[in-house]
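What follows is a short report on a single structure.
The values are calculated or read from the model by the stated rules, or taken from the named source; none is laboratory data. The model shown is predicted, which means the values in this text are computed figures rather than measured ones. All Cβ positions, glycine included, derive from the backbone under ideal geometry; neighbour counts span all protein chains shown. Surface accessibility is based on the protein's heavy atoms, side chains included, excluding ligands, DNA and RNA. Shrake-Rupley method; radii C 1.70, N 1.55, O 1.52, S 1.80 Å.
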Amino acid sequence: MKSTNYAILLIKSFEQLRLNAYLCPAGKWTIGYGHTDGVNQGMLITEKTADAFLKQDIKHAEAEVNRIDADLTQEQFDALVSFVFNVGRQNFRVSTLRKLVERNPNDPKIADEFRRWIYAGDKKLPGLIKRREQEIKLYYS
């Protein structure tokens, strides 16, 4: 499966475009729309480069979600791509959320697992709370 435009807009709305490298709340150098691979202090990019990074990062998230052994709806797929884009492929691979999705993609407990991922370090972030609620809404639509 591939992400819809809605999923891409959802990711963009929460990641926000930043053309200068910055330290995200989790302490990682980040640029563009939440891109972290190979980013270092002082790095500058263009909007065109940010869009290229976004496409690349979404492809990685899509590939990870496509590894799930379950029949997903387009909405479930899009919500999970947004989630994986944000938390990373490795974190998703070992998550209870993934295990529940593989066991039963319609399990209502999946919403509770999305809601566990609202911290950067020990800090609860209002932006992550909002993002998870949007992902849950999309997942169950």
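Taking every protein chain into account, the accessible area of the chain amounts to 57 square angstrom per residue (probe 1.4 Å).
Based on the Cβ-Cβ distance from residue 48 to residue 107, what FRET efficiency comes out when R0 is 30 Å, to the nearest 0.05? FRET efficiency, residue 48 to residue 107: 0.15.
Ordering 41, 117, 79 by the projection of their Cα atoms onto the charge dipole of the stretch 9-141, which places +1 on the Cβ of Lys and Arg and -1 on the Cβ of Asp and Glu, puts 41 at the extreme positive end. Counting protein heavy atoms only, the chain has 49 percent of its accessible area on carbon and sulfur, 1.4 angstrom probe.
Assigning unit charges at the beta carbon (Lys, Arg +1; Asp, Glu -1) and nothing else, what dipole magnitude in debye, to the nearest 20, does the chain show about its Cα centre?
The calculation lands at about 320 debye.
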